[in-house]
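K.L.:
Let me give you the structure first, and then I'll get to my questions.
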Amino acid sequence: MKEEEKIPFTSHLEELRKRLITCFIAVAIGFVLAYSVKEWLFHLLTAPLIAVMEPGEKLIFTSLPEAFFAYMKVALLSGTILAIPVILYQFWMFIAPGLYSRERQHLAPIMVLSIFFFIGGALFGYYVVFPIGFQFFLSFATDTIRPLLTMREYLSFASLFLLVFGLIFELPLVIVFLVKLGIISIDFLTKNRKYAILVIFIIAAILTPPDVVSQTLMAIPMMALYEIGIIGARIFVRKKPQVDAPVDTPEETP
């Protein structure tokens, strides 16, 4: 019986290079498409802030190239989002041959669902957290103190928050995946719920500005997602029936 020929390491590097080039091309195409509507995209991103600002107040830019680079960043972020299906497909095609069939069955649906959960988290941050958070921050303005918000600062703040909320909404999938692989158990998650809540508030404090409102707006959804992950694990992870271990019998000596 012939031994299977091993694929040389250089072949893996060549395949990785081709798939990375494909990802970069997809991002570049998405960037070009997004840049053609850059003003509309930036207006869409700033809409929650504009809605709570005083009439007549606008975003400003304090250096000549600031507006140009802000539009470039918006286009790049949007182009990357448009290219995510291609990136995930290339990633899957690269790692799938090295996975067992059981691992592929578990990982494939999670990768697909992760896109929807990420989008759901970003939409939650955009439609729920942004209006409440912006209203709170702008409430410190007075007749003698007015906010002067720059394009660069707002873009950095908003893009970071949308990314963070998109990632934390992946928590239920991570929990279900870990339980399915047997790394953690449902009993462990339920018994250590109080420690999980403490860790959640610590993470929220690290990822948000040092104010109670932002931390609470992030911690509450994370606690809800933690519970959703436990419920999902109960539904989708079936307990394996216990099988009596075979009794070892001594080998017969010739």
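Bear in mind these aren't lab numbers, they're just calculated from the coordinates by the rules spelled out. Everything numeric in this text was worked out from a predicted model, so none of it was measured. Cβ placement follows ideal geometry from the backbone for every residue including glycine, while neighbour counts extend to all protein chains displayed.
K.L.:
Could you give the DSSP H helices of the chain that reach 20 angstrom or more along their long axis (alpha carbon positions) and whose average Kyte-Doolittle hydropathy is no lower than 0.5?
P.N.:
Result, helices passing both filters: 9-35, 38-52, 66-82, 101-124, 151-168, 193-207, 212-236.
K.L.:
Taking N as the number of residues in the chain, what value does Rg over Cα atoms divided by 2.2 N^0.38 Å take?
P.N.:
Cα Rg divided by the expected 2.2 N^0.38 Å: 1.35.
K.L.:
Here is a follow-up. Mind checking which of K73, K38, K191 has the largest fluctuation in a GNM of the chain, springs on alpha carbons under 10 Å?
P.N.:
K191
K.L.:
Could you check which residue among D187, D143, D211 shows the biggest mean-square fluctuation in a GNM of the chain with a 10 Å Cα cutoff?
P.N.:
The residue that fluctuates most here is D143.
K.L.:
Separate question: Applying 1/(1 + (r/R0)^6) with R0 = 51 Å to the Cβ-Cβ distance of L113 and I145, what FRET efficiency is obtained, to the nearest 0.05?
P.N.:
So, using R0 = 51 Å, E works out to roughly 0.65.
K.L.:
When the helix-only estimate is applied to the chain (DSSP H runs of n ≥ 4, each -39,500 (n - 2.57), divided by the residue count), what is the mean residue ellipticity at 222 nm, nearest 500 deg cm²/dmol?
P.N.:
Result for the chain: -23500 deg cm²/dmol, rounded to the nearest 500.
K.L.:
A follow-up question, please. Using the crude model of +1 on Lys and Arg Cβ and -1 on Asp and Glu Cβ, and no other charge, please compute the dipole size for the chain relative to its Cα centre, in debye to 20.
P.N.:
On the way: 20 positive and 20 negative charges, 62 e Å.
Approximately 300 debye in magnitude.
K.L.:
Considering the options A70, L88, P55, tell which one lies farthest towards the positive end of the dipole of segment 9-169, charges being +1 on Lys and Arg and -1 on Asp and Glu at the Cβ, about the Cα centre.
P.N.:
L88
K.L.:
Okay, next question. Once amide H atoms are built 1.01 Å from N in the peptide plane, which residues 5 or more positions from T150, or in another chain, come under 5 Å H to H?
P.N.:
Close amide H contacts, sequence-distant or interchain: I60.
K.L.:
Continuing with this model, one more query. Given the options I115, I175, I60, which has the most mean-square fluctuation in a GNM of the chain, springs set between C-alpha atoms less than 10 angstrom apart?
P.N.:
Maximum fluctuation in the GNM of the chain, among the listed residues, is at I60.
K.L.:
To continue, here is another question. Can you count the Lys pairs in the chain whose Cα atoms are under 22 Å apart, with each pair 8 or more apart or on different chains?
P.N.:
Summing the qualifying lysine pairs gives 9.
K.L.:
Right, next: Considering the zone a paramagnetic label at L82 would reach in this model (a point 7 Å from Cα along the Cα-to-Cβ line), which residues of segment 33-53 have amide N under 15 Å from it?
P.N.:
Output list for this probe position: 33-42.
K.L.:
Separate question: Using only alpha carbons, build the gyration tensor for segment 35-168 and give me the equivalent ellipsoid semi-axes, biggest first, whole Å.
P.N.:
Taking √(5λ) for each eigenvalue gives 37, 18, 10 Å, largest first.
K.L.:
With a Förster radius of 22 Å, plug the Cβ-Cβ distance of Y195 and I231 into 1/(1 + (r/R0)^6) and report the FRET value to the nearest 0.05. Each step should come with its number before you reach the end.
P.N.:
On the way: r = 19 Å, r/R0 = 0.87.
That gives a FRET efficiency of 0.70.
K.L.:
May I ask you to give the average projected area over all directions of the convex hull of the Cα atoms of segment 1-109, in nm² rounded to one decimal?
P.N.:
Spelled out: convex hull of the Cα atoms, projected over all directions, averaged, 11.4 nm².
K.L.:
Which whole-angstrom value gives the distance between the alpha carbon centres of segment 154-187 and segment 58-114?
P.N.:
15 Å
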